[in-house]
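Structure first, commentary second.
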Amino acid sequence: MPILGLVVCGAPLAARTYDLVEHARRAQWEVSVVPTPAAAAWLKPDSDISARVTGFALPQAKRLRPDAVVVCPLTFNSAGKWAIGIADNRPMSLLCEALGSGIPIVAIPMVNESLWNHPAWMGHIELLQERGVVMLDPDTGQRGAKAVRHGTGDDVSTRFDPANVVDVLAQLSRNLA
């Protein structure tokens, strides 16, 4: 079974982590959840989410080499660190290594309007896309997303369909085979 590294950053969409894991597992992915430190607040009700949905605790996840990576949600802070290569914790190391190795990566960006307008944001997103990262709009599931530009985080999280992510993973995996 292929391994999916799921990096979870701290934004409202992190509350849908369990749903995304369940969709990926139904599509025959073994999922390793790797949250950023900021994601902990969003995952608090499911603080044991990695062990509960994947069958192994996070320290073991460090030894796994994923076949694909999803970062959901991708926040302003994490996008900036990832784009310039700051690997100061396990999730950022995983993202930097995945980008350098060329494995399929899907990112679901989630930032507010003010951060979307920050001059660094678009440059970071474009750099990641040039390196092959597929950006998905969390609201529509369309490729090429750069930010959430309307609605609240809770509204977007409610409308988010994890099946869109799994569908793109299937397409990317077929392209590699």
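Read the figures in this text as sums done on the coordinates, not as results from a lab. On a predicted model such as this, the values are computed, not experimentally measured, just so you know. Don't worry about glycine lacking a Cβ; one is built from the backbone with ideal geometry, like all the others, and counts go over all protein chains shown.
A few notes on this one:
- For region 128-135, 3J(HN,Hα) per residue [Karplus equation, 6.51 cos²θ - 1.76 cosθ + 1.60, θ = phi - 60°, Hz, x = Gly/Pro]: 5, 5, 4, 8, x, 5, 8, 8
- Exposure proxy ranking for VAL70, VAL111, based on other Cβ atoms within 10 angstrom of each Cβ and starting from the fewest, stands as VAL111, VAL70.
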